[in-house]
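The values are calculated or read from the model by the stated rules, or taken from the named source; none is laboratory data. Given the structure is predicted, the values throughout are model-derived calculations rather than measurements. Please note: Cβ atoms are built from the backbone with ideal geometry, for glycine as well, and neighbour counts cover all protein chains shown. These area figures cover heavy atoms from the full protein model, side chains too; ligands, DNA and RNA do not enter into them. Shrake-Rupley method; radii C 1.70, N 1.55, O 1.52, S 1.80 Å.
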Amino acid sequence: MKIKVKVNGEWKEWEIDPSDYLLDVLRREGYLSVKRACDTGTCGACTVLVDGFPALSCSVLAATMDGHEITTAEGIADEMEEYIKALASEGAEQCGFCSPGLMVMVYALKKEIENGKVEKNEEAVKRYLIGNLCRCSGYLGQQRAIFKFLGVK
Amino acid sequence: MREVKKSVPKKDSYGLIRGKPVYTDDIAPRDSLIVKVLRSPHAFARIKSIDTSEALTMSGVELVLTYKDVPRKPITRAGQGYPEPSPYDKFILDEYVRYVGDEVAVVAAKDERTAEEALKKIKVEYDVLEPVLDFEKAEGNPSVIHPEDDIFPQFDIGFDPKRNIAASYEMEIGDVDEIIKECEEDPDCVVVKDRFYTQAQAHVMLEPHASFAYIDMSGRLVIVTSTQTPFHVRRQVSMVLGIPIKDIRVIKPRIGGGFGGKQALHGELIVSLVTWKTKKPAKLVYTRREVFEATYTRHPSRFDVTLAATKDGKLRAIAYDVLWDTGAYGEHALTTLMVAGSKTLPMYNKVDGVRFRGKVVYTNHVPAGAYRGYGAIQGNFALESAMDILAEKLGMDPVELRLKNIIREGETSPIFKIMGEGREGTDMIIKSCKLEQAIRRGAEIINWEKKFRKREKRGSKVKGVGMAIAMQGSGIANIDMGSAIIKLNDDGSFNLLVGATDLGTGSDTILAQIAAEVLGVSTDDIIVYSSDTDLTPFDAGAYASSTTYVSGNAVRIAAEKMKKLIIEEGARKLGLGPEEVEFDGKVIRAKDGSKEVTLKELATVRYYTEDQKQLIADGSFVGPESPPPYAATFVEVEVDTETGKVDVLKYVSILDIGTPINPALARIQAEGGAVQGIGMALYEDVKYSSSGKLLTNNLMYYKIPSRLDVPDIHVEFLESYEPTGPFGAKSVAEIGIDTPPAAIANAVYDAIGVRIKSLPLTPEKVFFAMKK
């Protein structure tokens, strides 16, 4: 079947199998920031935005994406320069495998805070990001960077 | 120091965070054959018959391999230096399968779906055998896991497979039984005898194991793989497949974490075999389930610890009797076992007698292998729990008991010489050890004197504090070598080529910092390329906390040679002797200030116009010793007496790692290690069904800490300088993980007076122990 999706601002027409997951289609189409890590929708490494809201692309059928707008880490990296700097200066990306998914989530979180949907405090930020697992950093370096970026005191 | 002791960002940070395609699966050729493995549903079985004909006739299936199609050559996949201290007890494919997940057959097909369909079409009849699932019943069990006669060790490791023993080791200094007997009979002495258990832990690096292979334009086999040990991969693939080393190139791209789990070979042998047979690119990316079911865990263990001490708290003897579960194959069996002793016992070096006896048994579980801590964390839980019990029996503060007995600068331990990694060790005088300061500082921050045995209550919750100390190593002395090449470019920048393997830690960056410091240039002027067996010099790999110390020293040596070369060539250009000039990183200048040439000018001249030659230097280093980093960890917990749940409120770890080359990256290592250790202490647990099937085969059943599980962690590095390390550095990778289990268990005892002697400290276990 064919789907039309807007990926990082550009309309694409893709031939997919109805049973394809969005993660596999995105990777096949070259959006390689989207990582496969857990296969069970548990780790957050495959996080993308669908119509501006975070979704686990490993658990979304690509067929349901027809007409929708998808944003991957590639699409927001330029906007997130300040965040990238903050994370890098903590050395908290470490192996980096969870980093693009986390960046997508932080991007969404920033918008939610701006819209008053999520409170701007440490606990709320941690709760929002709980689904993004990291095995290297122990999270603290990530959080120092994220709090700084979001201006969480 | 200008470039060292400076928190510069990792060289790969921008690419990684932005999601550049830099990992194995991202860069595999689009037309790669997809390789899938049929895995055993039985814990122990012999393949009676295997029929691949139907799978082979499927359209899109390129190749199906069973044990009948592969060379029968015993190997170890351990990824260690040669000759390996692990037994050669594994075959690429075998007629026996020894755990649920063991390889039965390999399929290569045009795409994932076809490969998976083909797996289903392979018909296997198994002769199901009685598995050995309890490691305490493995030795001498009628079920022999390795009955085959063509397996062997490289040297004596106490290998006795007919009795399910993969390795064994014993050593004794002094007459330990006699000392214990004396102490038991002496009213002025105290003896502690206790048994401890540690569980299997899963690495859960975020990137699953991935490899691909292809044939290059000259017919050579190129393997791109998420490995910690590219040079060992090249050697082992060569050995098993009979392809000369010169015809193999191994490239490590960026790696999504390893923690020891990628020290060994997993997919590499299989993709190599497929590509070598088909001459087509082939890719194998493990599913998360496969990572859990068919790679490695930490070795589970049982420790019987005996401590004997005088009433005033002087330790007289330590004895360990250890049983170690290596699962189906003996990878890292002997060495992790020995590290349980060699990286715990020397902490208390003033004893009159010390004994270590251990056996490593085979079981029909997922093989155990290298995992951060590498035996030391298991030994640490047993010893540091026993020390807490001893302190209680002596009526002495555990802090005071440690301070009375610990190793200090300028001292040694006979263990260093006796226990190495799989063989004899190396004598060493401890040149840097701030353990005493670490203990005192940690006690101060946690407010030990105000909190210890105070058991502050809040409703059903009780607070407690506990502590533990640890040591680790910095590389494997006299065995593992690292090397580096530095070459000057015509703009005055340098290429640093290292075999060392950055698996996400930032070692490329800290090695560049070391080179920059020596050369007096900016880290930005050092371009690092690492881990490519064609283009970078040899390095044993990233394991045993070796990269900063071993590879770092190699880089230091290469950079010193380069500096000398620049001074010589600069002086020659200026018509002076080398002793008449100095180099400040930018300019070679006559000491009298009369003339100068910039590095850029010198390079341009040497490459284009005059006495043309490449300025290049190399360095190799093998540690003459393995200086230990140390840690003292203090935790405050709160135990809910109604549920048994343990919350870590505060975690304070004071470390002596020598000079932190990059303090930000060192801090992340210490924090990340602590959180992995807390996971092991409290809930991480690899579990099997009664028939040996792995139950914890995904991230919903196997829980790793999330960001809400992380307590308030305070990490601090003491001023310390290791004279044998590059700019005073030791290691930091593993030391952070060692202390959480014992420190937390000791804190739980402080809170509720209940001693948990087996990990993890789940609410259920704590609750039922309280009710006893």
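Pairing residues of the stretch A:54-70 that are on the phi > 0 side of the Ramachandran plot and touching a residue at least 60 places away in the same chain (Cβ under 8 Å) with residues that are open to solvent by 20 Å² or more (accessible area, probe 1.4 Å) and not in a loop (DSSP other than H, G, I, E, B), at Cβ distances under 7 Å and at least 6 apart in sequence or on separate chains, gives A:G67/A:K4. How many residues does the stretch B:404-439 hold that are in a helix (DSSP H, G or I) and in contact (Cβ under 8 Å) with a residue 12 or more places away in the chain? Of the residues in the stretch B:404-439, 11 are in a helix (DSSP H, G or I) and in contact (Cβ under 8 Å) with a residue 12 or more places away in the chain.
Let's see how each residue does on (1) buried (at least 20 other Cβ atoms within 10 Å of the Cβ); (2) part of a helix (DSSP H, G or I); (3) more than 9 Å from every other protein chain (Cβ to nearest Cβ):
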residue: A:V5; (1), (2), (3): yes, no, yes
residue: A:E13; (1), (2), (3): no, no, yes
residue: A:K35; (1), (2), (3): yes, no, no
residue: A:C38; (1), (2), (3): yes, no, no
residue: A:L49; (1), (2), (3): yes, no, yes
residue: A:T64; (1), (2), (3): no, yes, yes
residue: A:G67; (1), (2), (3): no, no, yes
residue: A:I84; (1), (2), (3): yes, yes, no
residue: A:S89; (1), (2), (3): no, yes, no
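Taken together, A:K85, A:K6, A:K35 contain a single residue that is among the basic types (K, R), in contact (Cβ under 8 Å) with a residue 24 or more places away in the chain and either closer than 19 Å to B:E207 by Cα or assigned by TED's automatic domain parsing to the domain that holds A:L129 (or both), which is A:K35.
Here is a check on your reading of the model: is A:R135 within 14 Å of chain B (Cβ to nearest Cβ), open to solvent by 20 Å² or more (accessible area, probe 1.4 Å) and closer than 23 Å to B:V675 by Cβ? Let's see the steps before the verdict.
Values: within 14 Å of chain B (Cβ to nearest Cβ): yes; open to solvent by 20 Å² or more (accessible area, probe 1.4 Å): no; closer than 23 Å to B:V675 by Cβ: yes.
So A:R135 fails the test.
Among the residues of the stretch B:93-137, those identified as β-branched (V, I, T) and open to solvent by less than 10 Å² (accessible area, probe 1.4 Å) are B:V97, B:V104, B:V106, B:V107, B:V132. The strands (runs of 3 or more DSSP E) found entirely in the stretch B:1-67 include none that carry 2 or more residues being over 22 Å from B:I270 (Cβ atoms), at pLDDT below 95 and within 14 Å of another protein chain (Cβ to nearest Cβ).
Which one of B:P414, B:P398 is over 27 Å from the mean Cα position of the chain (by Cα), in the same structural domain as B:T641 (by TED's automatic domain parsing) and either modelled with pLDDT of 95 or more or aliphatic (A, V, I, L, M) (or both)?
On the way: B:P414 fails: over 27 Å from the mean Cα position of the chain (by Cα).
So the residue among B:P414, B:P398 that is over 27 Å from the mean Cα position of the chain (by Cα), in the same structural domain as B:T641 (by TED's automatic domain parsing) and either modelled with pLDDT of 95 or more or aliphatic (A, V, I, L, M) (or both) is B:P398.
Every residue, every condition in (1) farther than 15 Å from B:H42 by Cβ; (2) within 31 Å of the chain's Cα centre (by Cα); (3) assigned by TED's automatic domain parsing to the domain that holds B:P74, yes or no:
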residue: B:I92; (1), (2), (3): yes, yes, yes
residue: B:Y96; (1), (2), (3): no, yes, yes
residue: B:G101; (1), (2), (3): no, yes, yes
residue: B:A109; (1), (2), (3): yes, no, yes
residue: B:A118; (1), (2), (3): yes, no, yes
residue: B:E125; (1), (2), (3): no, no, yes
residue: B:S143; (1), (2), (3): no, no, no
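When the stretch B:77-92 is limited to residues that are hydroxyl-bearing (S, T, Y) and in contact with a helix residue (DSSP H, G or I) (Cβ under 8 Å, 6 or more places away or on another chain), the one that is surrounded by the most Cβ atoms within 10 Å (Cβ to Cβ) turns out to be B:S86.
Of everything in the stretch B:558-575 that's open to solvent by 40 Å² or more (accessible area, probe 1.4 Å) and in a helix (DSSP H, G or I), which residue is nearest to B:G658 (Cα to Cα)?
Ranking the candidates gives B:E560 first.
The condition of being hydrophobic (A, V, I, L, M, F, W, C), in contact (Cβ under 8 Å) with a residue 40 or more places away in the chain and farther than 20 Å from B:L273 by Cβ does not hold for B:M217. Taken over the stretch B:176-199, residues that are farther than 19 Å from B:L323 by Cβ, of a type in the set (A, V, I, L, M) and out of contact with any helix residue (DSSP H, G or I) (no Cβ under 7 Å at 6 or more places or on another chain) amount to 2.
Output yes when any residue across the stretch B:310-321 is surrounded by fewer than 24 Cβ atoms within 10 Å (Cβ to Cβ) and closer than 24 Å to B:A108 by Cα, and no when none is. No, that holds for no residue.
Determine whether the stretch A:105-125 contains at least one residue that is more than 16 Å from the chain's Cα centre (by Cα) and within 10 Å of chain B (Cβ to nearest Cβ). The answer is yes, given that some residue of the stretch A:105-125 is more than 16 Å from the chain's Cα centre (by Cα) and within 10 Å of chain B (Cβ to nearest Cβ). Taken together, the residues in the stretch B:241-291 that are more than 28 Å from A:V34 (Cβ to Cβ), open to solvent by 10 Å² or more (accessible area, probe 1.4 Å) and outside any helix (DSSP H, G or I) amount to 4.
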